[in-house]
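The values are calculated or read from the model by the stated rules, or taken from the named source; none is laboratory data. Worth saying up front: this structure is predicted, and the values here are computed from it rather than measured. Quick reminder, even Gly has a Cβ in these numbers, built from the backbone with ideal geometry, and neighbours come from all protein chains shown. Heads up: the accessible areas ignore ligands, DNA and RNA and are worked out on the full protein's heavy atoms, side chains in. Shrake-Rupley method; radii C 1.70, N 1.55, O 1.52, S 1.80 Å.
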Amino acid sequence: MPPHFAQPIRVPATSDPELKLIAMHAVSVEPRLGAQLMRALAEAAPLTGLQHVKRIRKVADCQSPMLHVLLCREKWTQQLAQDADQQQPTNAAQEAPSAALSDAGSSAKQPQLPPAVAEVVHQHELQTFLVQVPLHAPCKLEQLQEWSKHWPLSWRVPSTSQATAGLLTAAEVAAMHGHMAAAWKLAKSSSAAGGVANACLIVDPEQGTVVAQAADCTHVHPLQHAAMAAVAAAADWQCLTWPPGDAANGAEVAEECRLAAEVEGKRRRLDSCTDVRDVAAVRGTVTQQRLHGASASGGCVPAPAVPAVAAPAAVVLVDSDAAVQPCVASAGAPPEAPAALSQDSGSSDPGPRPYLCTGYDCYLVREPCAMCAMALVHSRVRRVVFCEPDAAHGALGGSFKLHAERSLNHHYQAACTLTNHVYGPCAPNQAASWCPRKYADNKGRYLWTDAFGVVNFLTLAAETGSVTWLEQAERLISAVHDTLGKTRDGSRRLGSATAEEPTRGGLRIGKVHDEGHPDGDGQYYHYLTKWAFALNRMSLVRGDPKYNRMAVQLMEAAHPHFVHGSGSSRLHMWWKVSIDMQRPLVASEGNLDPFDGLVTCRILQETAGDPRVLQREIADMEAMVANKYRRYISTDPLDLGEALWLAHWALPEQFAWALLVGKRSLAALEALWAEGYFRQAPQHRLAFREFGATLGLQVNSEAGAAWQPRVDQLHDLWAQQLFTRDADITPVMFCASLVPGAWSRTYGDKLRSSKLRRQLGIEEQ
């Protein structure tokens, strides 16, 4: 019988931090002043970014006990600016050149302190000195004990319940137990035959079926690891299910299978043994049990989490965003043959061919080695589940963490999970009856959020090859047109809009309150441009011009009502107009509205392939941009990120404004970072505005590598607080920042590719 499995826990998608020390100003005070000084410093100089560091430590002096109190970083004005030139955090030698300082420090000569801190020091007539404190929080008890020798630190034991919260349903746990039991049984048979006790199952989680399975056979050939053989078996199964001669798959699939056959032939000649083989391949029913080897097999794409606790018969899950571990349980009997490979296991129509193992789960008895882990990464496996850690060779936490490599982490699972949380999950083949969930504050629909939602759906469709995401995007588009394209009571469409042309009257913002409220409903131009962009991206994926035509009609409808003095030299834009677009509600001009209009209309015109499309609108926007771009300035992260996003779309004739606006935006964000804006307490900031900045920084190539660790830092900060405020717009924009995809100009070729349409089962127009 298979063993019982322990409770699932997460495997971190970040490597354990190394000890790095930074220099900080400190003072020595008598215990009676400790509480008073703590209160003063809590307001004057909070330890932002160093919450793991205790502010006070007790010191046993030869005469009387004293307290050492931290004031602020030594480089409090320069540290963040220095990060711009370094891809890694500054170490002790860089941040504190005087390496000769002892832990107690030496007196600093007239140190430069923040004004509020200097006032506290002067008030109590204190003498400052420098100490070294750990820059990063410890992840393990051993790190806490070692690092606390430099300065006392705080640490909380990771909670297993927190690590697994929301990740697995009871049904998923039950299925996991059954598949792991099957892998365990297959591994046992491999061990009995003389191989390493390891096996691999590749499972389609939507159908609950095994598409390929393989056992270890490294005793026969050193490359016959279970995961490697299982991936090859899955490819063979695809060739049987979607034959090369099938017109729907075309020459591309035939070429893939031809190359695969060549590789297989070479492998067989190299093996020159009959033990490495397909066990069964009869009339389309294939039980691919390629005997595989090494002390591991399997791998996957990343996820953040809590350190995995190695335990006998533990099941470790590593998925695209969160790696889980062990489940408690009895397991069902393993399937004798992969159900997905049986002629009787499903409908006669297998649907569109998946890309490699996209969306599949991988079950392994032992933690995968680097070779197997990379094979599964390249195969786009969704999640890896394993029982037995391998401290010597394991690539998912045992020896090192392949899934902690950012270059391999596409964050797809996180985006999928959050998107389902906001809009509601959609079962395969049920998109026709799926309706996007209404927002928590009863807005129903909100145009800005849903524009991001549509583009996110399209990105997930392109990355996973799942048509369900595409169908959800279409359903969301219809819901927006049927809600925000109508009056607030839903009785009629806006303006001259019809069911066939739903954007002719513009689209409401979707505010909770009516127009008379200070934060009431109406129409925003920059919301309309975002929606037009989303429609355009759908047009690229579908190859259907109707969506781009809707976007063009939206821009045509909005232009005369938002742009005042069209065709003249005194052009001006209203920022907000009434629901019927008959009067301005806010007469001032949005900082980026002309830029939004110019870039969006250019994109729509290019897709239409007709220079006459939106010709007047583009001319007006060009005139306003030419008159405005030299004066561009902002301190709002969302505005600055939007400017970077717009600039990266610029055509050659637009480079003048794009270069200047992009340069100023980067400089402004750099200043915000250096001044500590992004170190303020989260309750004083808005996450979605910062995601606007991180999105722009990622798609604009001028941002440079220095910003990537900062983007990661902001992602990590807000990942734990996505639903504390603005619980709809925040997670949706977080997904866009995690996986920019269709928001990037360079992604357009992928969206319009014939290969993607074949994967999604879209007929060419």
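Key figures for this structure:
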{"quantity": "Extension gain (nm, one decimal) between Asp482 and Asp580, 0.36 nm per residue minus Cα-Cα", "calculated": "33.7 nm"}
{"quantity": "For segment 610-637 and segment 742-765, distance of Cα centres in Å", "calculated": "29"}
{"quantity": "R0 of 22 Å, Cβ-Cβ distance Lys54-Leu717: FRET efficiency to nearest 0.05", "calculated": "0.55"}
{"quantity": "Accessible-area order (highest first, 1.4 angstrom probe) of the listed residues Thr48, Thr459", "calculated": "Thr48, Thr459"}
{"quantity": "Proximal charge balance of Thr498 [Cβ under 14 Å; K/R count +1, D/E count -1]", "calculated": "+3"}
{"quantity": "³J(HN,Hα) computed for each position of segment 131-137 - Karplus, 6.51 cos²θ - 1.76 cosθ + 1.60, integer Hz, glycine/proline x", "calculated": "10, 10, 10, x, 6, 9, 6"}
{"quantity": "Inter-site label distance for Ser588 and Arg679 at 7 Å from Cα along Cβ, in nm", "calculated": "3.0"}
{"quantity": "Gap separating the Cα centres of segment 706-735 and segment 542-588, nearest whole Å", "calculated": "31"}
{"quantity": "In order through segment 551-564: 3J(HN,Hα) via Karplus (6.51 cos²θ - 1.76 cosθ + 1.60), integer Hz, x for Gly, Pro", "calculated": "5, 4, 4, 5, 5, 5, 5, 6, 3, x, 9, 9, 9, 9"}
{"quantity": "Radius 12 Å from Cβ of Ala183, net charge of other residues (Lys, Arg +1; Asp, Glu -1)", "calculated": "0"}
{"quantity": "Net charge of Cβ neighbours under 11 Å - reference Gln605; Lys, Arg +1; Asp, Glu -1", "calculated": "-1"}
{"quantity": "Cα→Cβ-extended label distance, 7 Å offset, between Ala174 and Ala116, nm", "calculated": "5.5"}
{"quantity": "Cut-off under 5 Å, modelled amide H: who pairs with Thr209 long-range", "calculated": "Asp204"}
{"quantity": "Placed amide H near His136: partners under 5 Å, 5+ positions off or other chain", "calculated": "Lys20"}
{"quantity": "Amide H contacts under 5 Å for His225, placed H, 5+ residues apart", "calculated": "Gly293"}
{"quantity": "Length added when fully stretched, Leu686-Ala626, from 0.36 nm per residue minus Cα-Cα", "calculated": "18.5 nm"}
{"quantity": "Heavy-atom accessible surface of segment 640-765: percent carbon and sulfur, 1.4 Å", "calculated": "52"}
{"quantity": "Spin-label pair Lys149/Ala432, simplified geometry with 7 Å Cα→Cβ offset, distance in nm", "calculated": "6.9"}
{"quantity": "Theoretical FRET efficiency, 1/(1+(r/R0)^6), r = Cβ-Cβ of Glu653 and Ser753, R0 35 Å, to 0.05", "calculated": "0.80"}
{"quantity": "Label zone at Ser191, where the point sits 7 Å out along the Cα-to-Cβ direction: segment 370-387 residues whose backbone N lies under 17 Å", "calculated": "386-387"}
